[in-house]
1. Starting from the amide H of residue 204, placed 1.01 Å from N in the peptide plane, find each other amide H under 5 Å away whose residue is 5 or more places distant or on another chain.
2. Rounded if a/c is under 1.5, else prolate if a/b beats b/c, else oblate: with a ≥ b ≥ c from the C-alpha gyration tensor eigenvalues square-rooted, which is region 51-218?
3. Name the residue farthest towards the positive end of the dipole of region 51-218 from the options 205, 52, 87, assuming +1 on Cβ of Lys and Arg, -1 on Cβ of Asp and Glu, about the Cα centre.
4. If you place +1 on the Cβ of every Lys and Arg, -1 on the Cβ of every Asp and Glu, and leave all else neutral, what size is the dipole of region 51-218 about its Cα centre, to the nearest 20 Debye?
5. Place the peptides 193-206, 123-136 in order of packing, highest mean first, counting for every residue the other Cβ atoms within 10 Å and averaging per peptide.
6. Can you list the residues, at least 5 places off or on another chain, whose amide H is less than 5 Å from the amide H of residue 127, using H built in the peptide plane?
7. Can you give me the long-range amide H partners of residue 189? Hydrogens built in the peptide plane at 1.01 Å from N, cutoff under 5 Å, separation of 5 or more residues or another chain.
8. Among the listed pairs 121/207; 159/216; 103/214, which are separated by more than 29 Å between their Cα atoms?
Amino acid sequence: MAILHRKHSVEDDNGNIFWVTMSDLMLGLAIIFITLFVLAMTGFNQKSVQQQRIKMEVAKKIESELQRQNINAKIDRMTGDLKIPSSALFEVNSYVLKPEGKKFLDKLTPIYVNTIFSSQKLVDNIDSIIIQGHTDSQGFAGAKNINEQFVYNMDLSTKRANSVAMYMLGAKYKPEYNEGFRHMITVEGRSFNDLILDDQGNEDMTKSRRVEIKLKVADWSIATFFGLKH
């Protein structure tokens, strides 16, 4: 009986050692995970603040220069997004830049490109420069339904964005920035997906017809923080 009792005790001790070891391992992993998570979140917040601050600084510089040269384009001081009225670039229902539109981009492009690419900190944090075309929701002759109207405006808004991108690439900014600018440009047509509303909540058709130039900040994640993604 004593031998049997001793045998059970040994088995119990071995079992306790196993579970204690597993508990320590799980606790250790949990501590490591929490530490990494806190470090990553802290780094993420710092990175986000830095990116926002850089965009605000550049937006301020661009806005100041636009005002100095009396260029009719509105820039968001928080995001750096630039809004250009379609009337400054195109005739109604056209995607061909009018002479006044070309002159407008001749003034705007050097200010925009030279300001952005003169800041290496900003360039390092930019994933792309998005040129977006936007229309209002007005119908056009021959449209059978809202979907046909939407697709027509999608085509028009995309062609307008392409026209702006093509002209900006050929404008007179510093030549050394051409490759970087070309690699960052992407073009989108938004049709009337993003209408601008007035104070009464109604569509402001004049403001809805526009071209926007946006800065997309590079994706940043925990994997990036630990060097697993570039």
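1. Distant-sequence amide H within range of residue 204: 196, 197, 198.
2. Working: a/c = 1.83, a/b = 1.65, b/c = 1.11.
Because a/c hits 1.5 or more and a/b exceeds b/c, region 51-218 counts as prolate.
3. Value computed over the given set: 52.
4. Numbers: 25 positive and 22 negative charges, 107 e Å.
Here the size comes out at about 520 debye.
5. Details: 193-206: 11.8, 123-136: 20.0.
In descending order of packing, they fall as 123-136, 193-206.
6. For residue 127, whose amide H was placed from the backbone, the distant partners under 5 Å are 216, 217, 218.
7. Correct list: 133.
8. On the way: 121/207 32 Å; 159/216 21 Å; 103/214 21 Å.
Among 121/207; 159/216; 103/214, the Cα-Cα distance tops 29 Å for 121/207.
Taken together, the values in this text are just the output of simple stated rules run on the coordinates, not laboratory data. All of these numbers come straight from a predicted model, not from anything done at the bench. Cβ atoms come from the backbone with ideal geometry, glycine included; neighbour counts cover every protein chain shown.
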